[in-house]
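Notes to accompany the following structure.
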Amino acid sequence: KSHGRDGRLVRSYLAFVWGRLPRPKGSIDARLGRSQANRTKIAVVRGEAGRSAITHYEVLETFRGERPTGDVSLVRLVLETGRTHQIRVHLAHIGHPVLGDAIYGSGFTTRLASLSHEARETAGALERQALHAETLKFMHPKSGKKLSFTSALPEDLGNLFAVLHSPPKTTEKAKKKRL
C-alpha cells in the first residue's frame, strides 16, 4: 500500500536515456494522471489532479554521441511510488526520454542519427525501451524475512552498454575529413 515510501519495498531500474541530466542525482516529483489529449497515455498533471509520483535518479555514466543531441546517460532509478508508466513519463517530462520508447520518447529515429554507426545499429535494433528492472527488495508478508532479487542487464542492453562505452571506430572517410 505504501508503494515503497516506508522502505519495506525497494524497486530500482536501469535506463539508457537521451542527453546529459542536469545533476548527478535528483528526484522527479510530478503528479501523474490520464492525458487529456490522448486517454491511452499517462501525463504529468498540474495541481491536485492525478496521483503523487516520485522517482529518484542517479546518473551512473554518460556517453558522448557524435553530436550533443546523441549523448546518452545510463541512469539508476528508484521508485518511491509505483504509478503506471511512471519512469517513462517522468524522464520524458524532464527532457530525457528512455531510448526506444515509442510512446513517450518522440524523436527516437532522429536522435539515433547523432550516435556513432555501431551505437545507432545497436540502439535501433532494440525491440523495446532501454529500461531494465534491476533490483526488487521487500519483506515477505508472512515470514517477515527480507528478500532481495537482482537481475543483470539482459544481452541486448549489455550490448548497447558495450557499444556506447567503446570509442567509435574511425572510418577511412572520417580520417580523410580530419586531414
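The values are calculated or read from the model by the stated rules, or taken from the named source; none is laboratory data. These figures come from a predicted structure and were not determined experimentally. Ideal geometry is used to build each Cβ from the backbone, glycine not excepted, and the neighbour counts take in all protein chains shown. Quick note on the areas: whole protein, heavy atoms, side chains included, nothing else; ligands and nucleic acids left out. Shrake-Rupley method; radii C 1.70, N 1.55, O 1.52, S 1.80 Å.
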Difference of contour (0.36 nm per residue) and Cα-Cα distance, residue 23 to residue 155 = 44.7 nm
Could you tell me what % of all Cα pairs in the stretch 36-77 have separations over 15 Å?
-> 64
Across 23, 88, 111, the residue with the highest GNM fluctuation in the chain (Cα network, 10 Å cutoff) is 23
With the convex hull built on the Cα atoms of the stretch 52-118, state its orientation-averaged projected area in nm².
-> 4.8
Max mean-square fluctuation residue, GNM over the chain, Cα-Cα springs under 10 Å, options 41, 25, 146 = 146
Near the amide H of residue 63, under 5 Å away, which other amide H atoms are found, from residues 5 or more places off or on another chain, if H is placed in the peptide plane?
-> 72, 73, 74
For the chain, modelled as a GNM with alpha-carbon contacts under 10 angstrom, which of 108, 138, 16 fluctuates the most?
-> 138
Contour excess over end-to-end distance, with Cα ends at residue 60 and residue 48 and 0.36 nm allotted per residue | 1.0 nm
Select from the stretch 1-94 those GluC sites (Glu not before Pro) which occupy a DSSP coil region and have at most 11 other Cβ atoms within 10 Å, ordered by residue number.
-> 48
If you project the alpha carbons of the chain onto the principal axes, what extent comes out on each, in Å, largest first?
-> 66, 41, 29
Accessible area of the stretch 53-179 divided out per residue, in Å², using a probe of 1.4 angstrom | 59
Estimated [θ] at 222 nm from DSSP helical runs (n ≥ 4, -39500 (n - 2.57)) normalised by residues in the chain, nearest 500 = -6000 deg cm²/dmol
Take the solvent-accessible surface of the protein heavy atoms, probe 1.4 Å, and return the percent of it on the chain that carbon and sulfur atoms account for.
-> 52
